[in-house]
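**Q** Input: one structure, supplied below.
The values are calculated or read from the model by the stated rules, or taken from the named source; none is laboratory data. These numbers were taken from a predicted model, which means no experiment stands behind them. Because the Cβ atoms are built from the backbone with ideal geometry, glycine has one as well, and the counts that use them run over all protein chains shown. Accessible surface areas use protein heavy atoms only, side chains included; no ligands, DNA or RNA. Shrake-Rupley method; radii C 1.70, N 1.55, O 1.52, S 1.80 Å.
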Amino acid sequence: TTTLKAAAGSRYFGAALAAGHLSNASDPDFALFAQEQFSGATPENEMKWDATEPSEGVFTFSQGDQVASFAVSNNMLLRGHTLVWHSQLPAWVSTLTGDDLLNAMNNHITTVMTHFQGQTFAWDVVNEAFNDDGTLGTSPFLTQLGSGYIETAFTTARAADPTAKLYINDFNTEGINAKSDALLETVQSLKASNLIDGVGFQSHFIVGEVPQDLQQNLQRFADAGVDVAITELDIRMTVPASEANLQQQATDYAFVINACQAVSRCVGITTWGIPDIYSWVPGTFPGQGAALLFDDNYNEKPAFSSTIDAL
Ligand code: XIL
């Protein structure tokens, strides 16, 4: 038997890593599986705004540093996640208006990227900016700075760390639809000014409902001259999981892997966690779970084998 990272070859195969799990002495398997199976890492929460700048101008990097040093010392490619997002945003940011928010956003991007420069190969500069209908989603950034906040954020990010690949990242953009159409337009415009290098497709899927045009959609972004990546893959189902759903999930994982592999600019795949027991899914989608490649006890699920076979 082989490992995910070995099977993935020239692409990385990553996982979201939480600092609290890496350092949990009562669960040594988490760090062990991270090291053995994965060649990419994304901090699950530790580089978000509320973690890195809980009050204005006060930066706290200890948790992010933990994930970063684990990743770097284990030769994992580290994705920075994320700089500008309406969620997990400390309350003080939403009280700022006009130039005060502009300056705070730029300072946040510059300070965080500078801190992690040399460790993060890529950054999700802007996360979840769009509504499903393709309009821009409500956020303090949109309200105070207007739709140009995205270009401003990428301009600041490019200057802060010219060595980092700059990504925009979103969900429900995996298939061809109004939201991915709008995302593509923004990507084309940013690319014309050399402000973007990649697009992240979160890929939080429901079993049996993976968009069938995933490959075609990844390809049209790649054709815009950027890298693409599957950044937060999980495939959820009603729990307790039925055998039929676990088999369908295996089919679905293989389908996603094959879509990425068919697109030469699809640089890597990241699953949003390692064992099902720590997944964000049950907390966010009540009654749903079993979304990852390893069960609650780190046993390989059918989707693990199908993923290895597809890689
Ligand atoms: C989730 C984390 O997994 C949870 O621990 C946290 O409570 C909420 O955020 N899209 C993203 C990720 O870009 O940052 C989110 O991560 C999942 C959805």
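**Q** Taking the condition of being more than 15 Å from residue 153 (Cβ to Cβ), β-branched (Val, Ile, Thr) and not in a helix (DSSP H, G or I), how many residues in region 54-107 meet it?
**A** 4
**Q** OK, next. Regarding region 125-137, can at least one residue be identified that is within 16 Å of the ligand (Cβ to nearest atom), open to solvent by 20 Å² or more (accessible area, probe 1.4 Å) and either under 20 Å from residue 42 (Cα atoms) or touching a residue at least 60 places away in the same chain (Cβ under 8 Å) (or both)?
**A** yes
**Q** Here's another thing I want to ask about it. Considering each of 183, 142 in turn, give the residue that is within 16 Å of the ligand (Cβ to nearest atom), out of contact with any helix residue (DSSP H, G or I) (no Cβ under 6 Å at 6 or more places or on another chain) and on the phi < 0 side of the Ramachandran plot.
**A** 183
**Q** List pairs: first in region 80-96 and within 22 Å of residue 40 (Cα to Cα), second of a type in the set (Phe, Trp, Tyr) and open to solvent by 30 Å² or more (accessible area, probe 1.4 Å), Cβ under 6 Å, 6+ apart or cross-chain?
**A** Pairs found: none.
**Q** Report yes if some residue within region 224-231 is in contact (Cβ under 8 Å) with a residue 12 or more places away in the chain, of a type outside the set (A, V, I, L, M) and assigned to a strand (DSSP E or B); otherwise report no.
**A** yes
**Q** Looking at region 208-223 only, could you name the residues that are open to solvent by 20 Å² or more (accessible area, probe 1.4 Å) and assigned to a loop (DSSP other than H, G, I, E, B)?
**A** 208, 209, 211, 212, 213, 223
**Q** Which residues, taken from region 256-294, are open to solvent by less than 10 Å² (accessible area, probe 1.4 Å) and among the β-branched types (Val, Ile, Thr)?
**A** Answer for region 256-294, where residues must be open to solvent by less than 10 Å² (accessible area, probe 1.4 Å) and among the β-branched types (Val, Ile, Thr): 256, 257, 263, 269, 270, 271, 274, 281.
**Q** Right, next: Looking at (1) of a type outside the set (S, T, N, Q); (2) open to solvent by 10 Å² or more (accessible area, probe 1.4 Å); (3) within 16 Å of the ligand (Cβ to nearest atom), which is the only condition residue 83 fails?
**A** The failed condition is (2).
**Q** On to the next question. Which residue is most open to solvent (accessible area, probe 1.4 Å), if the candidates are limited to region 143-196 and must be in a helix (DSSP H, G or I) and basic (Lys, Arg)?
**A** Top of the filtered list is 191.
**Q** Test residue 283 against the stated conditions and say whether it is within 15 Å of the ligand (Cβ to nearest atom) and either assigned to a helix (DSSP H, G or I) or not polar (S, T, N, Q) (or both).
**A** For residue 283, the condition - within 15 Å of the ligand (Cβ to nearest atom) and either assigned to a helix (DSSP H, G or I) or not polar (S, T, N, Q) (or both) - is met.
**Q** Anything in region 221-234 that is more than 14 Å from the ligand (Cβ to nearest atom) and either over 12 Å from residue 174 (Cβ atoms) or touching an Asp or Glu at 6+ places or on another chain (Cβ under 8 Å) (or both)? List them, or say none.
**A** Hits for region 221-234 are 222, 223, 224, 225, 226, 227.
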